[in-house]
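Let me begin by presenting the structure, written as structure tokens, before commenting on it.
The values are calculated or read from the model by the stated rules, or taken from the named source; none is laboratory data. Note that the structure is predicted; figures quoted are calculated from it, not measured. Cβ sites come from the backbone with ideal geometry, for glycine too, and all protein chains shown count toward neighbours. The protein model used for the area step is the full one, side chains on, heavy atoms only, and it has no ligands, DNA or RNA in it. Shrake-Rupley method; radii C 1.70, N 1.55, O 1.52, S 1.80 Å.
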Amino acid sequence: TTAQQRVIAEIGADMASPHPMHRLLQGDVGSGKTVVAVASALRAIEQGHQAVIMAPTELLAEQHWQTVQGVLEPLGVSAWILTGEAGTVERRELLAKLAAGEPGLLVGTHALIQEGVVLPKLGLAVIDEQHRFGVQQRAVLTRSAGGTAPDVLLMTATPIPRTLALS
């Protein structure tokens with residue numbers, strides 16, 4: 001939509017800035033926030049960075065994953081999902097790729113902030129329904145960037161006053 005195009009351009013300008021972006025994207029359920037997040041993630045990946053989309057539930061992470069796969073697979077861009085359901089071998093292989101700094105988009109739940117998840121080239125952290133995560137949990141995700149503050153995009157369908165104030 002025109003609004004999505006405008007927001008993607010604004011986010012792109014923010015991400016090109018020398019200062020880390022901290023932006024709130026508010027829209028109704030089904031308004032296309034995930035598409036905006038994926039477009040923003042592609043910008044980070046083009047620069048050799050990693051990007052993540054963290055969702056509060058496995059169901060929401062799976063919904064994001066469906067959108068991500070549909071967009072990134074035809075482009076040949078690496079994309080992964082990490083939830084509590086991941087098998088041990090699958091998880092170990094994924095964590096090795098991430099720790100090596102392989103560019104791509106990781107979608108997941110609280111599993112993204114568990115011990116052992118290292119994202120040394122994190123360029124963009126998208127946090128969906130961020131009010132469902134604690135301050136410490138969000139900080140763990142952004143600290144995994146190895147000393148540099150990543151751009152942060154918060155998404156919500158229901159902004160609460162605290163979210164608006166922080167943004």
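Data for the structure
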{"item": "Whether the range 8-111 is rounded, prolate or oblate, judged on the alpha carbon gyration tensor where a/c under 1.5 counts as rounded", "result": "oblate"}
{"item": "Distance between modelled label sites at Gln63 and Ser31, nm, 7 Å Cα→Cβ extension", "result": "1.4 nm"}
{"item": "Area of Lys97 that stays accessible when all protein chains are in place (1.4 Å probe, Å², to 10)", "result": "90 Å²"}
{"item": "DSSP-loop GluC sites (Glu not before Pro) across the range 41-136, with at most 15 other Cβ within 10 angstrom", "result": "Glu85, Glu115"}
{"item": "Amide H partners (placed H, <5 Å) of Leu122, local residues excluded", "result": "Gln50"}
{"item": "Chain lengthening between Gln47 and Gln4 when straightened (0.36 nm per residue, less Cα-Cα)", "result": "13.3 nm"}
{"item": "Spacing of the two label points (7 Å from each Cα toward its C-beta) at Ser17 and Thr148, in nm", "result": "1.7 nm"}
{"item": "Exposure rank, largest accessible area first [Ser78, Ser40; 1.4 Å]", "result": "Ser78, Ser40"}
{"item": "Solvent exposure ordering (accessible area, 1.4 Å, most first) of Asp28, Asp151", "result": "Asp28, Asp151"}
{"item": "Most to least accessible of Arg43, Arg92, Arg6 (protein chains only, probe 1.4 Å)", "result": "Arg92, Arg6, Arg43"}
{"item": "Kirkwood-based shape ratio for the range 68-118, expressed as Rg/Rh from alpha carbons", "result": "0.96"}
